[in-house]
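Following: one structure in structure tokens, then a few remarks.
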Amino acid sequence: MISARLSQNAALIEEALKTYLSDEDVDFAEELEAERYSIFARAKRIRPTLVLEFCRLFGGRDEAALPFACAVEMVHTYSLIHDDLPCMDDDDLRRGRPTCHKVYGEATALLAGDGLLTRAFGTLASNTAVPAESVRAAVAALARAAGSFGMIGGQVIDLAGEKKKLSLDTLKKLHAHKTGAMITVSAELGCLAAGLDADDPRTVAACRFAEGIGLAFQIVDDVLDVTADVALLGKPIGSDAENEKTTFLTYYTPDEALALAGALTERAKEALADIPNTQLLQALADYLVSRKH
């Protein structure tokens, strides 16, 4: 059930993304091509799926959710392009094919990431299917999640962790920001698209759910970096150890780490216990913690 729903959502999101990235100019062609190369690579579209599913859960329309969902995917893809650059993780493979800078060069990859980040906020602002106050709240929420006290802050700690061992608390803070912030804001944007505000108890529950699955997601990622098949994972394995990064496997065995991810997932699911019709989101949580790639 969940695999089919993810595929359906991915197709819907990609059709919308094609519209947002359809503009052409011969003088900008290489950078525009690099944006599309990265965003249309093989991907599960987990973050935009959370936007869609929380909007649907609370009675919203896909038309209202899709601009927010596409904006989240633009920010996520920009972060991957930059994360793969030689000044960051220096990776050669992403989503099953060569990284953006390997195909287009570092300068164009940098600009493609910048272009997607900038597009994201224009895409948010273009949403006419929700009230203006919901758009403003969405812009503020995504800026917070992607910025210096969100994903970028997490990346700062991540880079510091290449030079020294991080404490377990610092490691959790890293991933609450680098990975968790964008997963959590995806749930929040879905609620905003459905007409809820940030203080609504249902939005609070959605964000608590997303925080839990976000940390579990990263723990599983750390395990897969050691145990996965590179062809399935779509990116290099063993890069964390190669870069001497602190990961959850610094503190846990793979089995212990997976048990922790499972416990976090169960706790996350409990956050939705008082909300009806959350079976699909519960299944998504189980899917993410049991994935092999």
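The values are calculated or read from the model by the stated rules, or taken from the named source; none is laboratory data. Just so it is clear, the model here is predicted, and its values are computed rather than measured. With ideal geometry, Cβ positions are generated from the backbone for all residues, glycine too; neighbour counts draw on all protein chains shown. Accessible surface is based on the protein model in full, side chains and every heavy atom, while ligands, DNA and RNA are left aside. Shrake-Rupley method; radii C 1.70, N 1.55, O 1.52, S 1.80 Å.
Checking every residue in segment 134-143 against the condition of being under 25 Å from Phe209 (Cβ atoms), of a type in the set (Val, Ile, Thr) and assigned to a helix (DSSP H, G or I) gives at least one match.
If you filter segment 253-281 down to residues that are of a type in the set (Val, Ile, Thr) and not in a helix (DSSP H, G or I), you find that the one that is most open to solvent (accessible area, probe 1.4 Å) is Thr253. Given the criteria open to solvent by 10 Å² or more (accessible area, probe 1.4 Å), modelled with pLDDT of 95 or more and under 14 Å from the mean Cα position of the chain (by Cα), does Ile183 qualify? So Ile183 fails the test.
Looking at Asp222, Asp169, Asp158, just one residue is under 19 Å from Leu288 (Cβ atoms), part of a helix (DSSP H, G or I) and either at pLDDT below 95 or acidic (Asp, Glu) (or both), and that residue is Asp222. Among the conditions (1) in contact (Cβ under 8 Å) with a residue 12 or more places away in the chain; (2) over 26 Å from Asp197 (Cα atoms); (3) out of contact with any Lys or Arg (no Cβ under 7 Å at 6 or more places or on another chain), Cys55 misses just one, which is (2). If you go through segment 50-83 and pick out every residue that is small (Gly, Ala, Ser) and open to solvent by less than 10 Å² (accessible area, probe 1.4 Å), you end up with 4.
Yes/no matrix, rows are residues, columns are (1) of a type in the set (D, E, K, R); (2) within 19 Å of Ser148 (Cβ to Cβ); (3) not in a helix (DSSP H, G or I):
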| position | (1), (2), (3) |
| --- | --- |
| His177 | no, yes, no |
| Ala187 | no, no, no |
| Leu192 | no, no, no |
| Arg202 | yes, no, no |
| Ile213 | no, no, no |
| Ala216 | no, no, no |
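Among the residues of segment 116-173, the one identified as open to solvent by 60 Å² or more (accessible area, probe 1.4 Å), closer than 29 Å to Ala34 by Cβ and of a type in the set (D, E, K, R) is Arg144.
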